[in-house]
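Comments concern the structure below.
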Amino acid sequence: RKEVEQDPGPFNVPEGATVAFNCTYSNSASQSFFWYRQDCRKEPKLLMSVYSSGNEDGRFTAQLNRASQYISLLIRDSKLSDSATYLCVVKGSGGSYIPTFGRGTSLIVHP
Amino acid sequence: NAGVTQTPKFRVLKTGQSMTLLCAQDMNHEYMYWYRQDPGMGLRLIHYSVGEGTTAKGEVPDGYNVSRLKKQNFLLGLESAAPSQTSVYFCASSRFTGELFFGEGSRLTVL
């Protein structure tokens, strides 16, 4: 089992739709969680950190479920500009904060 | 704000040639990383460093060497390039628990 797993998609949704991505992780001691966005042929950029209590940034909501070991990203009112690959990132513990990336989930928002 | 800067951004090599990719960060981050990204494979960690003078192997270290003589610089070397090393290389840096900041990537083609 991979340490961090994501559904690769693609998720193909119309503008205005709500879409949710999940990411599961295998290390129960993981401490830090992030969602990154990567546009085609560009570097990944931080979309949001994921906090235990859940957090929201405009149309984006991230949640963490430690018991089931997954994090989620919800995008409301999808825009064409949301089309990208969304990467889940998990950092461990025990003195090792080396991040592990999921392979990414592709989102295509169409008119 | 420069953030993380990678040089060169593009390079074409012949099999057997050597080259060095330079990563520089101006955020005083302790951690630095080199990733490669290939279609369908996601980001794979080549080597990383948790501080000046230290380096460690990641998931796919074979064929690469690294050095971190100064805190702000992390060099990735290919001693004898192979076509399998054709990829996009990303450097990143971070604090201990924080988000990763990426460079714009270096596109390497080995003929």
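What follows is calculated from the coordinates using simple rules that are stated; it is not laboratory data. Predicted model only: the values in this text are computed from it and were never measured. Here the Cβ is made from the backbone with ideal geometry for all residues, glycine too, and neighbour counts use every protein chain on show.
Points worth noting:
- Packing, taken as the mean count of other beta carbons within 10 Å per residue, orders the peptides B:19-31, A:54-66 from highest to lowest as B:19-31, A:54-66.
- Hydrodynamic radius by Kirkwood, which averages 1/r over all alpha carbon pairs of segment B:37-81, in angstrom: 11.3
- Principal semi-axes in Å for the protein assembly as shown [√(5λ), Cα gyration tensor, largest first]: 30, 21, 15
- Pairs of Cα atoms farther than 16 Å apart, segment A:25-73, %: 42
- Separation between Cα centres of segment A:1-52 and segment B:71-96, rounded to whole Å: 24
- Inter-chain Cβ neighbour count for B:101-109, averaged per residue, equals 2 (cutoff 10 Å, partner chain atoms only).
- Considered as an equivalent ellipsoid built on the Cα gyration tensor, chain B has semi-axes of 22, 14, 13 Å, the largest given first.
- Loop trypsin sites (Lys or Arg not before Pro), segment B:60-110, which have at most 11 other Cβ atoms in a 10 Å radius of their Cβ (DSSP): B:Lys70
- Antiparallel DSSP beta bridges within the protein assembly as shown, percent to nearest 5: 90
- For the peptide B:35-41, the mean number of other protein chain Cβ atoms found within 10 angstrom of a residue's Cβ is 2.
- For segment A:30-111, alpha-carbon Rg over 2.2 N^0.38 Å: 1.12
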